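Beneath this line is the structure, given in structure tokens, with notes to follow.
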There are 2 protein chains.
Amino acid sequence: MVNFELYKVFYLTAKSGSLSKAAKELYITQPSVSHSIKLLEESLGLPLFARTSKGVDLTKEGAVLYSYIEQAYNFISLAEEKLSELRNFSSGEIKIGGSDSLCKHYLLPFLESFHVQYPHIQINLVHGTTPEIVRNLKEGKIDIGIVRTPIHDDHLQVREGITIQDCFVTGPKYRELTEGKVTLTELLAYPIILFSSNSSSRKFVTRLFSDNGLLLEPEIELGSVDLLIEFAKIGFGVSFVTKEFVAKELAEGSLYEVKLEAAIPSTKIGIITLKNMPLSTAAAAFVAELENPGQVGSR
Amino acid sequence: MVNFELYKVFYLTAKSGSLSKAAKELYITQPSVSHSIKLLEESLGLPLFARTSKGVDLTKEGAVLYSYIEQAYNFISLAEEKLSELRNFSSGEIKIGGSDSLCKHYLLPFLESFHVQYPHIQINLVHGTTPEIVRNLKEGKIDIGIVRTPIHDDHLQVREGITIQDCFVTGPKYRELTEGKVTLTELLAYPIILFSSNSSSRKFVTRLFSDNGLLLEPEIELGSVDLLIEFAKIGFGVSFVTKEFVAKELAEGSLYEVKLEAAIPSTKIGIITLKNMPLSTAAAAFVAELENPGQVGSR
DNA sequence: TACTCACTATAGAAGGTGTCTATATGGTTA
DNA sequence: TAACCATATAGACACCTTCTATAGTGAGTA
């Protein structure tokens, strides 16, 4: 199989009908083009051009070759254009898997600003539990996963995002709970509202109690953070939520934080990707934004 | 624009999913492929493969590139196959322009044997006068022209074919003409049958007479050699024909040659092609056959 | 006819690039 | 843990691409 580079020279020569012009387009000298064409003709065993004093004309066989090479050349040009788009963020796609509640409250602002900055990058958001996210990552269905740390998997690269602090909150009805410090045992006397049992925040809090020899059983189990907030507000009980995600409610006084005697350990957002698989340009840009909010992306 | 040769390496690597396998297909070593891929990635500014312990996987961008390069590669493969066919005479076309009578009586046997030998070569036969043939050649409408020599044109390459000898023939009716030598003047007493006035054989014979101060005016003017023969046979007069083309009739006695006192100069078949334009493989093979009948073409 | 112009071909030299060998590194599996 | 199979890296060398300089050729023109 002939050196493909020769076909580039051939194409430009045939197109311009001149070795000299092809040389200019290739930023090389005319003898070099002459030599390349000769090489190609020898490799293929056929004369491709008739040399005249005004340039070169394709022979029959040269014309046949040209009809194919023209298309091949166009595909390569298209490929390079397309890749350039991908590099320039003028096209591309990112698939993100957000674990549970993190989707809306943590990810959404990033998605919005990213979309404003790179409007041609299509964003695809999948949400599920941490194990689902990890599976999707490994199957190539998503590029980036957003989960709670700690997470340990040799195939994953874990970057740490912001620190989040979970807490119990309640509405005005159980306001007495928020006046002094409360023990975990005391808390269990109240109706507890928790996220669905397969979520990592649920596992986290269940573990917190069991480490203290206590069994945490929710009165109500809900599937969204918004509902956890609402139910607490209107007095159904005490919700376990991420403090950062209820900042507004705490500030406006529609929710109150329950101060516990035992501190709830803080945790970090984990931005996970596959260790081996290089990120697409767009995905890399998004990850960079997550790691250093507001600092990246001036192009 | 990236070195096209790198795309060949890329394609084979992506297709096999392995640098080592691509290296084998390319008959080079694995580090060389590794280097080429790295170069390509640097040239394009994007990672194209994720390296694993089992080989390499395309990245998102790599997959995009592959979808284009695959097609380009296929076109190039097709091109090379097609050219190989042209080289092997398993496809191709020859356009031949035959001047007047030469078509049938001279060319036909060659065409038949050539077609038997290379059944996939399509033969296209055009006939016309010598100037038409030359014009068609220059316009690229035919590849080879068959004319009477002499012919002089700086743009033409003229190869000589067989020698032909023109003569006057007649049927039994004017048999007295064929018994002794006849002068041109004596011949003019008989009804002369000639080819159409734009033919080169007609010009040739008219010139022969005018050089001797005589005016040759035909009784009958015909458009085909077959008719010249037929008309002479059945006694319409004396036809001017090429002796080689009436060999059968002379042998079987249906025609008789008129022996002239002045010898008619013999002439040669000219195989003409454009000087600058290389012949297609098939055309070159045909010309070789014309030049050396029966000696070429054992493949 | 001779001159000029524009193009391609050729020769020889030099630098760059592709390829090699040898070896390191890393993941997977028994 | 060792063996195996992948890719990565380093350094050396040879080849090949490209260069400069020049020759050759045909077309157009005074």
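The values are calculated or read from the model by the stated rules, or taken from the named source; none is laboratory data. Small disclaimer: the values here were computed from a predicted structure and weren't measured. As a convention, Cβ positions derive from the backbone with ideal geometry for all residues, glycine included, and neighbour counts pool all protein chains shown. Quick note on the areas: whole protein, heavy atoms, side chains included, nothing else; ligands and nucleic acids left out. Shrake-Rupley method; radii C 1.70, N 1.55, O 1.52, S 1.80 Å.
Brief remarks on what is shown
- Applying the set (1) open to solvent by less than 20 Å² (accessible area, probe 1.4 Å); (2) within 16 Å of DNA strand D (Cβ to nearest atom) to B:Gly140 leaves exactly one unmet item: (1).
- In segment B:92-144, the residues that are in contact with a Ser or Thr (Cβ under 6 Å, 6 or more places away or on another chain) and assigned to a loop (DSSP other than H, G, I, E, B): B:Asp100, B:His120
- Matching residues, segment A:14-36, being touching a helix residue (DSSP H, G or I) at 6+ places or on another chain (Cβ under 6 Å) and either surrounded by fewer than 16 Cβ atoms within 10 Å (Cβ to Cβ) or over 24 Å from B:Glu93 (Cβ atoms) (or both): A:Ser16, A:Leu19, A:Ser20, A:Ala22, A:Ala23, A:Glu25, A:Thr29, A:Gln30, A:Val33, A:Ser34, A:Ser36
- Exclusive hit being in contact with a Leu (Cβ under 7 Å, 6 or more places away or on another chain) and within 30 Å of B:Ser199 (Cα to Cα), set B:Gly92, B:Gly98, B:Gly62: B:Gly98
- Residue match in segment B:161-184 (condition: assigned to a loop (DSSP other than H, G, I, E, B) and within 14 Å of chain A (Cβ to nearest Cβ)): no
- Tally of residues being aliphatic (A, V, I, L, M) and either assigned by TED's automatic domain parsing to the domain that holds A:Ile142 or free of Cβ contacts under 8 Å to residues at least 40 places away in the same chain (or both) across segment A:64-85: 5
- Answer from A:Tyr11, A:Tyr68, A:Tyr7 - the residue that is of a type outside the set (D, E, K, R), surrounded by 15 or more Cβ atoms within 10 Å (Cβ to Cβ) and away from DNA strand D (no atom under 16 Å from the Cβ): A:Tyr68
- Count of residues meeting criterion [open to solvent by less than 50 Å² (accessible area, probe 1.4 Å) and among the charged types (D, E, K, R)] in segment B:37-53: 1
- Of everything listed in (1) closer than 30 Å to A:Lys8 by Cα; (2) at the interface with another protein chain (Cβ under 10 Å from one of its Cβ atoms); (3) of a type outside the set (A, V, I, L, M), the single unmet condition for B:Lys141 is (2).
- Pair list, Cβ < 6 Å and 6+ apart or interchain, from segment A:209-222 residues that are of a type in the set (Phe, Trp, Tyr) to residues that are in a loop (DSSP other than H, G, I, E, B): A:Phe209/A:Leu216
- Options B:Leu187, B:Leu228; residue that is under 14 Å from B:Ile264 (Cβ atoms) and surrounded by 13 or more Cβ atoms within 10 Å (Cβ to Cβ): B:Leu187
- Selected residue (criterion: farthest from DNA strand D (Cβ to nearest atom)) from residues of segment A:54-65 that are facing chain B (nearest Cβ under 9 Å) and either open to solvent by 10 Å² or more (accessible area, probe 1.4 Å) or farther than 13 Å from A:Thr13 by Cβ (or both): A:Val64
- Taking segment B:148-183 as the range and being within 20 Å of B:Phe245 (Cβ to Cβ) and of a type in the set (Val, Ile, Thr) as the test, the residues that pass are B:Thr149, B:Ile151, B:Ile162, B:Thr163, B:Ile164, B:Val169, B:Thr170, B:Thr178.
- Scanning segment B:251-288 for residues that are in contact with a strand residue (DSSP E or B) (Cβ under 9 Å, 6 or more places away or on another chain) and open to solvent by 50 Å² or more (accessible area, probe 1.4 Å) turns up B:Tyr256, B:Lys259, B:Glu261, B:Pro265, B:Ser266, B:Lys268, B:Lys275, B:Asn276, B:Met277.
- Residue in segment A:270-279 that is over 30 Å from A:Ser84 (Cα atoms) and in contact (Cβ under 8 Å) with a residue 24 or more places away in the chain present: yes
- Residues considered: A:Ile94, A:Ile146, A:Ile133, A:Ile76. Of these, the only one that is within 12 Å of chain B (Cβ to nearest Cβ), under 14 Å from the mean Cα position of the chain (by Cα), open to solvent by less than 20 Å² (accessible area, probe 1.4 Å) and not hydroxyl-bearing (Ser, Thr, Tyr) is A:Ile94.
- Answer residue from segment A:2-23, given it is under 45 Å from the mean Cα position of the chain (by Cα) and outside any helix (DSSP H, G or I) and is farthest from DNA strand C (Cβ to nearest atom) among those: A:Val2
- Residue list for segment A:24-48, restricted to those being among the hydrophobic types (A, V, I, L, M, F, W, C) and either near DNA strand C (Cβ under 7 Å from one of its atoms) or in a loop (DSSP other than H, G, I, E, B) (or both): A:Ile28, A:Ile37, A:Leu46, A:Leu48
- For B:Ile193: the one exception among (1) more than 20 Å from B:Phe231 (Cβ to Cβ); (2) modelled with pLDDT of 90 or more: (1)
- Selection within segment A:41-53 - within 53 Å of the chain's Cα centre (by Cα) and at the interface with another protein chain (Cβ under 10 Å from one of its Cβ atoms): A:Glu41, A:Ser43, A:Leu44, A:Gly45, A:Leu46, A:Pro47, A:Leu48, A:Phe49
- The one condition from (1) open to solvent by 20 Å² or more (accessible area, probe 1.4 Å); (2) without any contact (Cβ under 8 Å) to a residue 60 or more places away in the chain that B:Gln165 does not meet is (2).
- When residues in segment A:106-142 are screened for being touching a residue at least 60 places away in the same chain (Cβ under 8 Å) and within 14 Å of A:Gly270 (Cα to Cα), 6 of them pass.
- Selection within segment A:191-229 - acidic (Asp, Glu) and either assigned by TED's automatic domain parsing to the domain that holds A:Gly145 or closer than 21 Å to A:Glu261 by Cβ (or both): A:Asp211, A:Glu217
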